[in-house]
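The values are calculated or read from the model by the stated rules, or taken from the named source; none is laboratory data. Every value quoted in this text rests on a predicted model; they were computed, and no experiment measured them. Reconstructed Cβ throughout: ideal geometry from the backbone, glycine too, with neighbour counts over all protein chains shown.
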Amino acid sequence: MNGMVVNSWPYVIAAYAVTWAVILGYTIRLIQMTRHHDASRSHSVSNS
Amino acid sequence: MAETTVRDSAATSRASYAPLALSPVPRWLTVLTWLTPVALIGAQAYFVMASAPDRDMGHLQKIMYVHVPAAWNAFLAFLWVFIQSVRYLWKRDERADLQAAAGAEVGAVLTGLTLLLGSIWGRPTWGVWWTWDARLTSTAVLFLVYVGYLALRGLTDDPERRARWSAAVGILGALNVPIVYMSVKWWRTLHQMQSAPSTLDPTYTMGLRANAFAFLFMLIVFVAYRYRGLLAERVMERQLDDAALTRRSR
């Protein structure tokens, strides 16, 4: 360690902001993908 | 949700062309999907607020509650890739390949997050955003291996070749995990020893465990939904293949 960090809160906030950006970003990707597949499946079922 | 099942035609009777089915979302996954955000928000909020600042690091210690669980769960994801890759090569079950691909994608996301969080922690602690330390470098290599794995899957349309190549890279890539884990012992560079309940002040162990489990729930949910997405894509691919074969045979 290089000694006590005087103001560490901005780094803590940045770390949690990055964490939630990644979690929410990936969650949105999964939701969009699931909706896309559901739509494609119902389309192919209605065509068959 | 209606169950979609695609059976292979007589013309394509390879072992990996066993029937694939997309079943409705299981109950345990629905429960875990709702439990995960509660666990993540609860564990982070409580332990960030409740834990006392570290003597040396001050409040920067709180980054450990996300950095370390992200790293551990990335390792678990790559262990999953390893198991499923071996299973694919042994059984030639295409579902194992899709499970491995799901694990690799989520593992790569978590490794990327680990690197970002380490960088944010390293700037005020070491004075640099990045350094070619053994732990950082081996983690970056692990990240690149799995990004390469995902890129490789896009290089061929032949599902059997794609699965075989991916399994080989998945197994070789997972062998890097023990190197990353042991790097702080083998090469004593800048990164401190592993943060684990055995190496931590008891004040912080409960917070680390709670957040690690919350991340584990998230890992399971992400891998399960990504697998379902890959399975749905594969089922549709087969429907197109079967339709093309039927047209050709007429």
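General observations
- Among the residues listed as B:PHE222, B:PHE217, B:PHE213, the single one being closer than 21 Å to B:GLY42 by Cβ and away from chain A (no Cβ under 14 Å): B:PHE213
- Some residue of the range B:60-83 being away from chain A (no Cβ under 14 Å), among the polar types (S, T, N, Q) and buried (at least 24 other Cβ atoms within 10 Å of the Cβ): no
- Residues satisfying the stated conditions in the range B:178-203, i.e. part of a helix (DSSP H, G or I) and either among the aromatic types (Phe, Trp, Tyr) or within 24 Å of A:GLY25 (Cα to Cα) (or both): B:TYR181, B:TRP186
- Per-region count, the range A:5-27, residues in a loop (DSSP other than H, G, I, E, B), surrounded by fewer than 17 Cβ atoms within 10 Å (Cβ to Cβ) and aliphatic (A, V, I, L, M): 1
- Which numbered condition B:ARG226 misses (of (1) crowded, with 21+ Cβ neighbours inside 10 Å; (2) under 15 Å from B:VAL31 (Cα atoms)): (2)
- Check on B:MET206, out of contact with any Asp or Glu (no Cβ under 8 Å at 6 or more places or on another chain), closer than 19 Å to B:ALA71 by Cβ and in a loop (DSSP other than H, G, I, E, B): no
- Looking only at the range B:114-137, and only at residues there that are β-branched (Val, Ile, Thr) and not in a helix (DSSP H, G or I), the one that is nearest to the other protein chains (Cβ to nearest Cβ): B:VAL128
- Restricting B:ALA212, B:ALA174 to residues that are closer than 30 Å to B:ARG27 by Cβ, in contact (Cβ under 8 Å) with a residue 60 or more places away in the chain and of a type outside the set (Phe, Trp, Tyr) narrows the list to B:ALA212.
- Residue within the range B:50-59 that is surrounded by fewer than 18 Cβ atoms within 10 Å (Cβ to Cβ) and either more than 10 Å from chain A (Cβ to nearest Cβ) or at pLDDT 95 or above (or both) present: yes
- Of residues in the range B:225-249 being within 12 Å of chain A (Cβ to nearest Cβ), out of contact with any strand residue (DSSP E or B) (no Cβ under 8 Å at 6 or more places or on another chain) and among the aliphatic types (A, V, I, L, M), the one farthest from B:LEU110 (Cα to Cα): B:ALA243
- For the range B:230-250, the set of residues classified as part of a helix (DSSP H, G or I) and without any contact (Cβ under 8 Å) to a residue 60 or more places away in the chain consists of B:GLU233, B:MET236, B:LEU240, B:ALA243, B:ALA244, B:ARG247, B:ARG248, listed by residue number.
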